[in-house]
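Each remark here refers to the structure printed beneath this line.
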Amino acid sequence: MKLGTKLTLFNTLSKLVIVVLFVLLLPALIRDINTKYTDNWLRNQKDKVLKLVQGPGINNYIKNGEGYGSYNALLKEEYISMDIDSANEKIDTIGNEPRLVEGDTIQYRILSHTFKVGKQNYLLEIGKSVRTINETATPLQNIAFEILLGMVFLTILADQFYSTYVLRPLGRIIKTKLIALKFPTHTPYRKVHTSTSDFEYLDISIHKMIMTIESAFQKEREFISNASHELMTPISILQSKIENMFGSEEINDDVKERLVEMQRILNRLKSITKTLLLISQIENEQFLKEDTVEVAALIQEVYDEISIRLQEKNITCTIDVPEDWSLTRVNKFLLFNLFFNLINNAAKYNKEGGEINITGRMENKLCVVDVADTGIGISAEQLPQIFNRFKKFTRSLLQESFGLGLPIVKSIAEFHKIKIEVSSEEGIGSTFKLIFPAEIMGK
């Protein structure tokens with residue numbers, strides 16, 4: 001999951017948590033708001049009543065010792081009462097109390113206040129039905145909830161837009177500096193413009209790391225190339241001296257056998273040196289891609305050269321590749337080596353009387369060539385390392401190590417952008433799948 005998606009998901013979940021908490025607390029908040037609003041209303045009504053009493057006088061409301069009372073006759077939502085306070089207590093409170101009005105017990109929010117006119121204390125009560133107070137709670141909750149959802153939706157969109165904007169440089173760094181990178185780079189450093197200092201530091205750090213890796217790669221290639229060139233001269237000199245010694249009459253048969261063994265070792269060393277030099281030349285792109293080759297004809301050339309080895313082990317090789325398949329802008333010499341090494345390995349590690357099947361087919365609109373054998377196979381532990389030129393292991397106790405054949409195959413394939421997939425099972429055989437890019441396929 002991408003970082004931007006994770007941030008958006010986190011922001012969305014956090015806002016949903018806020019919404020849930022808000023929904024749970026909303027009824028209590030609405031009740032508190034309604035209560036405070038009602039209390040303010042009751043106090044305003046009290047002030048109005050007291051002004052009226054001070055104007056015309058208390059006697060207009062209380063006559064012959066009888067108190068004054070008034071309420072909404074139909075719904076009984078509000079009421080006001082005024083009476084003589086015989087207890088002479090000072091009261092100024094607001095609370096919920098029941099009142100009996102025309103046989104009905106109604107819960108009111110009541111303001112009780114005592115005041116003095118002359119020498120007489122009076123008690124004023126102003127009440128509002130609790131039911132009418134709670135009636136506004138549901139509409140207020142709905143409005144608040146709708147507003148909250150709208151704000152959450154807008155903030156999610158804003159978070160998504162902002163996180164996309166902020167993380168865009170990171171995506172550019174990953175795409176241009178990591179995913180699309182291939183050694184050797186041969187491209188100058190291009191700074192990713194960003195106002196985020198962390199991304200600037202990451203960009204510079206990745207560039208320095210790439211330069212270090214590139215330097216190590218270059219040094220390795222230079223060493224392989226130089227060492228290969230330097231080794232060829234003394235090897236050739238030793239081979240010439242050994243060949244000259246064979247013509248000497250002073251050399252007995254025992255010494256000649258040792259010279260033959262030395263010559264065999266020198267030939268192997270020469271082969272390894274040439275192989276390393278070839279890999280170095282491929283990786284340094286010292287070969288031109290100017291040839292056009294017919295795939296079936298090229299494989300037939302490889303078969304003709306290796307047929308003697310196949311006959312020695314009685315191995316049957318079948319080739320089923322369309323005759324009209326051709327490759328353009330390639331290097332024929334390198335592709336010959338690619339197929340030669342694959343077919344040679346298929347023969348070398350095959351069983352006596354085994355089979356090699358080379359087939360061509362279309363897969364996802366791309367040309368695919370499979371080189372399958374019925375040999376000893378490759379273990380699951382060794383399979384990921386078969387293209388590693390520095391990994392030394394054996395395919396069986398009776399066989400030599402992989403050598404440098406498969407590393408050459410890998411280098412040539414990468415040079416032509418050919419994808420290689422390998423499947424194998426011990427005791428049954430191996431299949432090397434070559435997927436050719438559309439750009440090198442001819443008509």
Task: 0 to 90° range, to nearest 10: angle between helix 197-246 axis and the chain longest Cα axis - done: 10
Task: J(HN,Hα) series, segment 158-167, from Karplus relation 6.51 cos²θ - 1.76 cosθ + 1.60, nearest Hz, glycine and proline x - done: 5, 4, 4, 5, 5, 5, 4, 5, 5, 8
TODO: Measure nothing fancy, just the Cα-based angle from helix 332-348's long axis to the longest principal axis of the chain, in degrees from 0 to 90, nearest 10.
DONE: 80
Task: Using θ = phi - 60° and Karplus 6.51 cos²θ - 1.76 cosθ + 1.60, couplings along segment 145-154 (whole Hz; Gly, Pro as x) - done: 5, 5, 4, 5, 4, x, 5, 5, 4, 5
Open item on the list: If each residue of separation counts as 0.36 nm, what is the full-extension length gain between Arg264 and Glu312 once their alpha-carbon separation is subtracted?
Closed with: 15.2 nm
TODO: In whole Hz, with x marking every Gly and Pro, tabulate ³J(HN,Hα) for segment 361-376 from phi via Karplus 6.51 cos²θ - 1.76 cosθ + 1.60, θ = phi - 60°.
DONE: 8, 9, 9, 6, 6, 10, 7, 10, 10, 9, 10, 10, 10, 10, x, 6
Open item on the list: Below 8 Å, C-alpha to C-alpha, sequence gap of six or more: please give me the relative contact order for the chain in percent.
Closed with: 9
Task: GNM top mover of Ser70, Ser195, Ser424 - the chain, alpha-carbon springs below 10 Å - done: Ser70
- [ ] Name the most mobile residue of Thr359, Thr176, Thr105, meaning the one with the largest mean-square fluctuation, in a Gaussian network model of the chain with Cα contacts below 10 Å.
- [x] Thr105
Open item on the list: Within 9 Å, Cβ to Cβ, of Leu123, how many net charges do the neighbouring residues add up to if Lys/Arg are +1 and Asp/Glu are -1?
Closed with: -4
Open item on the list: For the pairs Lys46/Lys119; Lys6/Lys219; Lys51/Lys76, flag any whose C-alpha to C-alpha distance is greater than 31 Å.
Closed with: Lys6/Lys219
- [ ] Compute the acute angle (0 to 90°) between the alpha-carbon long axis of helix 295-312 and the principal axis of greatest extent of the alpha-carbon atoms of the chain; round to the nearest 10°.
- [x] 60
Open item on the list: Test of understanding: what is the full-extension gain from Asn226 to Lys208, defined as 0.36 nm times their sequence separation minus their Cα-Cα distance?
Closed with: 3.8 nm
Task: Net charge of neighbours whose Cβ lies under 15 Å from the Cβ of Glu250, counting Lys and Arg as +1 and Asp and Glu as -1 - done: 0
Open item on the list: For Cα pairs less than 8 Å apart in space and 6+ apart in sequence, what is the mean separation divided by the residue count of segment 95-199, i.e. the relative contact order in percent?
Closed with: 14
TODO: Would you calculate, for the chain, the mean residue ellipticity at 222 nm contributed by helices, counting each DSSP H stretch of 4 or more residues as -39,500 (n - 2.57) and dividing by all residues, to the nearest 500?
DONE: -18000 deg cm²/dmol
- [ ] Could you sort out which of Lys332/Lys433; Lys175/Lys433; Lys241/Lys270 sit more than 23 Å apart by Cα distance in this structure?
- [x] Lys175/Lys433
- [ ] Calculate what fraction, in whole %, of the accessible area of the chain sits on carbon and sulfur atoms when a 1.4 Å probe is rolled over the protein chains.
- [x] 56
TODO: Please work out which option in (1) 36, 26, 18; (2) 101, 25, 20; (3) 32, 26, 21 gives semi-axes √(5λ) of the Cα gyration tensor in Å calculated from these coordinates, and answer with its label.
DONE: (2)
Open item on the list: Quick check: net charge around Asn364, other residues with Cβ under 14 Å of its Cβ, Lys/Arg +1 and Asp/Glu -1?
Closed with: +2
Open item on the list: Of the candidates Glu77, Glu249, Glu125, which one comes out as most mobile in a Gaussian network treatment of the chain with C-alpha springs shorter than 10 Å?
Closed with: Glu249
Task: For the chain, with +1 on Lys and Arg beta carbons and -1 on Asp and Glu, the positive-most of Asn364, Tyr71, Leu26 along the dipole - done: Tyr71
Task: Mean separation of Cα contacts under 8 Å (6+ apart) over length of segment 295-353, as relative contact order % - done: 53
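The values are calculated or read from the model by the stated rules, or taken from the named source; none is laboratory data. Small disclaimer: the values here were computed from a predicted structure and weren't measured. Every residue, glycine among them, receives a Cβ derived from its backbone with ideal geometry; neighbour counts consider all protein chains shown. Remember, those area values only see protein heavy atoms, side chains included, never the ligands or the DNA or RNA. Shrake-Rupley method; radii C 1.70, N 1.55, O 1.52, S 1.80 Å.
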